[in-house]
Structure formats: C-alpha cells, structure tokens
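Got a structure here, written out as structure tokens. Questions coming.
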Ligand SMILES: C[S@@+](CC[C@H](N)C(=O)[O-])C[C@H]1O[C@@H](n2cnc3c(N)ncnc32)[C@H](O)[C@@H]1O
C-alpha cells in the first residue's frame, strides 16, 4: 500500500469510520508517511465508507466534513427531525438508537478503561429515546426583519436555528417552543429592538404533571417591567403569569421536588427516576450511618439518602440550589440533613480539619469533574465508600485514576439520560481498600 506523504486542510480523502468518539463524531484512521491520523467527522456512523474534506489539522488528529457517503453503515437510520443537520443539539439521530447506545457505551468504556475500570455491570436505557427532555434552554434572536427566531444554537456557532419542531422535548415543551416567536412578537416592547438587546434566552419547562409548559423569559433587568416574563402554554391557551411562582415541580423517584428555571435539575425526568433508584440501591446495600453528599443540587438524591442514614451532610455551592434544597427539606419535614452552602473544596477542607468521618460519600459534580485538590481532600478524609455520579466520562476517568490509589471499584453502570446526543451518565461505586 502506498503511504500518503502528508495531510493538509482542503484535502479530500477516503475513510472507513471505525467507531464513535466520546464527542459523538465518527472516527477513522488515515495513514500518512510518519504515522496515522485520527480523523473525526460529524454525522458519520461506524461502518460508513466516506469521502471527506479536511477542515482542521492538529498534531495527531484532524477534523473533516463529509463530502460523499460511499457506502452507508448498516446502522444508519433516517433522522426524524427536519432540523437535524443544522441544529447543534442532537448529533446521533442518524444512527439507530440501539446502536447509538452501544457505540456511546463503547466510547465511555474505552475512556474509563484508561483509568483502570473494567466493563460496566450494566448499560441502561431508562427512558424513551424521544420525548424525554422536560426542560430546555432556548435561545432567542430578533432578526433584521424584526421577526423572532427561537431554538438551539447551530453546531459550533452562535447562530440560532429557528425551530419548528423538537422531538426530544416532551410534547408540552415542544408546543411551547413552536408558539414562542408568536408570544415574543406580541409582547416584546418595541424599544427592545435596540442594539445589544437582539439576543436573550428562554427556559421552557414542563408543568409536571399537567399537560402544559411554562416559558420563563430571561429579559435584561431594564426590560423586566415592560412585559410579563412567565407564560403558561397549554393546548388551547397562552396565559401570561406575571412574576408569580417561576418554580416548577419535578419527580425525583417517588418524591416531587421544587426547582427553578435557573437551578440545576436533570432534564430527563424518567431517566432521573432510574438514576435515583441506582443511588438508593447502593446506599441500601452500604447501610451507612453518616453520609457526605457533595453537589447536592436542590436535593434530588438528598431526600432519599435522608431516609437511609442517621445523618446526611449535603454540600452545594449554588445559591439558588442551596436555598431550594432547604425549601425541599422543609417541605418534606426532613430533619436529619445538615445543608451547607459551600464549594466541595471549602467544605472538605473544613471537614478534614475537624477530623470528620463518613461511611459514604456521594458526589455528582458538573461536567468539569472535581480535579486534584478536591480528590486529594477526599483521599485524606477516606470515606469507606465513594459513589461518583458523572455526566462526563473524560473528567470522571481523570478523577478515578487518583481515587483508585486508595479505592477499589465495586461496579459501575452507564445510563443513557441523553438519547440522540453523545452524552452519557455514569455511576461508579468504590470501596476503600488500603
Ligand atoms: C450535576 S449537578 C448535580 C445536582 C444534583 N446532585 C442532582 O442530581 O440534581 C452539579 C451540582 O453541583 C453544584 N456545584 C458546582 N460546582 C460546585 C462546587 N465547586 N462545589 C459544590 N457544588 C458545586 C452545581 O450548582 C450543581 O447543583
């Protein structure tokens, strides 16, 4: 086989797609004289043969865009959304769902194997691959012709895709999405069309368990007096609600909690029930007396942990989340949780200084994970069990590598809380072993 001398931007090459990268891009290897390049291509599926154009080159990998599908993968399917190839929200809709799940699990397992984890105990698809998203952040832009465009952003762009449908949203939210431009065009005061005001955001959430959605419009402070910010949208009417009660309820296992559009909550409510069930199962097996929970949010796990231990210390850095956690605990009459508004690092430093001991630590950090300082503090406190819930296998693997110096994995599971996207949730149970 003749080896190609080099690779440059603009080259058109033929490529076999071998796998799905953790980012959701199809990936294949391209041989040049001094080694192989990994080539990453959007909308490519494992087992495709394609022609693609190189658009960016890095040291050992390159990004390309598909020019021609020479031989389609047997795992391809027709995307069911008319915006799919434009919208940056979903990127796996061209792959049959059961294969999406398999490829995502392979990608996550590969990343986690580098930290020393074996195969997952289970790969769970807890909810339907469509109509699972119960809340969404919608970008709004006022076009030159003063028409409002609403939707997600284009891939790698700040441009808003003007959406007419979104099949991953639950129906009440999709309905709200479709009428949003009409609402905004009717209510936006004319002086909002000034420079710098062309762009804002709206949070849509399902008014669970009713068949309506709430749109919560994030207007700049100076415009807040000029129009209602909260609307309820049902099949037969659109009602401005004024400023009252922009809280929403969501199901956490068999308990309903309150949250706010600005606070963190899982978007896949059916999937979240399974995630909560997994955490309850592990906690029930451990039977801890004293639990430390980091990144508690509004209490999605806390309210269940409280039933399974004598005492829970729940740590949350977000102001809104911490106050909603207190509200949820009060609402449910839970008295054995001490909630601390602090960063994970601050709280751990204090607990380490006080010589606090825990049978069980549950952490659920944002996508960036925890990092060395926080992991070092966990290692110094050394809880008997650690359960790490993560939505990013890459940062999870980085943190696990450090944790596995003192801990042994009991098992881990992968949960698909984000069908049609490359994201996957992992839950890892570790036991202190040294
Ligand atoms: C992935 S969410 C998990 C929330 C909750 N466990 C749940 O299931 O809804 C991560 C949470 O960590 C909080 N957070 C972010 N950085 C933090 C930090 N450095 N220390 C503590 N909490 C933090 C966020 O406000 C958010 O509520």
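So how far apart, in nm, are the two label points at residue 59 and residue 179 if each is 7 Å from Cα heading toward Cβ?
In this crude spin-label approximation the distance works out to 5.5 nm.
For a label point 7 angstrom out from the Cα of residue 335 toward its Cβ, which stretches of the stretch 293-323 have the backbone nitrogen within less than 15 Å?
It comes to 307, 310-312, nothing else.
At what distance in nm do the modelled label points of residue 102 and residue 277 sit from each other, each positioned 7 Å from its Cα along Cα→Cβ?
2.4
Also: Find the centroid of the Cα atoms in the stretch 64-86 and in the stretch 267-324, then give the distance between the two in whole Å.
40
Sort 354, 262, 236 so the one with the fewest other Cβ atoms within 10 Å of its own Cβ comes first.
236, 354, 262
Something else: At what distance in angstrom do the alpha carbon centres of the stretch 371-388 and the stretch 10-49 lie from each other?
38
Report, largest value first, the span of the C-alpha coordinates of the stretch 135-249 along each principal axis, in whole Å.
The Cα atoms of the stretch 135-249 stretch 40, 34, 22 Å along the principal axes, largest first.
May I pose another question? When the chain is fully extended, how far beyond the present Cα-Cα distance does residue 346 get from residue 221, taking 0.36 nm per residue of separation? Can you show the working numbers first?
On the way: separation 125, 0.36 × 125 = 45.00 nm, distance 3.21 nm.
Once the chain is fully extended between residue 346 and residue 221, it gains 41.8 nm.
Another question, then. From the helices alone, meaning DSSP H stretches of at least four residues, give me the mean residue ellipticity at 222 nm for the chain, per-run term -39500 (n - 2.57), in deg cm²/dmol to the nearest 500.
Estimated from H runs of four or more residues: -7500 deg cm²/dmol.
Rounded, prolate or oblate, given the Cα gyration tensor of the stretch 262-317, with a/c below 1.5 counting as rounded?
oblate
Using Cβ counts within 10 Å as a stand-in for footprinting exposure, how do 173, 391, 363 rank, fewest first?
Ordered by Cβ neighbours within 10 Å, fewest first: 391, 363, 173.
Continuing with the same structure: What distance in nm separates the simple spin-label points at residue 354 and residue 146, each placed 7 Å from Cα in the Cβ direction?
It works out to 6.0 nm between the two label points.
Can you sort 249, 237 so the residue with the fewest Cβ neighbours within 10 Å comes first?
237, 249
If one puts a single equal scatterer on every Cα of the chain and applies the Debye formula without solvent, what log₁₀ I(q)/I(0) results at q = 0.08, 0.09, 0.11 Å⁻¹?
-0.53, -0.67, -0.96
Going highest first, how would you order 117-130, 376-389 by mean Cβ packing within 10 Å?
Final packing ranking: 376-389, 117-130.
Any chance you could check the Cα centroid distance between the stretch 100-130 and the stretch 149-192 for me, in angstrom?
32
Taken together, the values in this text are just the output of simple stated rules run on the coordinates, not laboratory data. As the structure is a computational prediction, the values presented were derived from the model and not from experiment. Methodologically, a virtual Cβ is constructed for each residue, glycine included, from the backbone with ideal geometry; neighbour enumeration extends over all protein chains shown.
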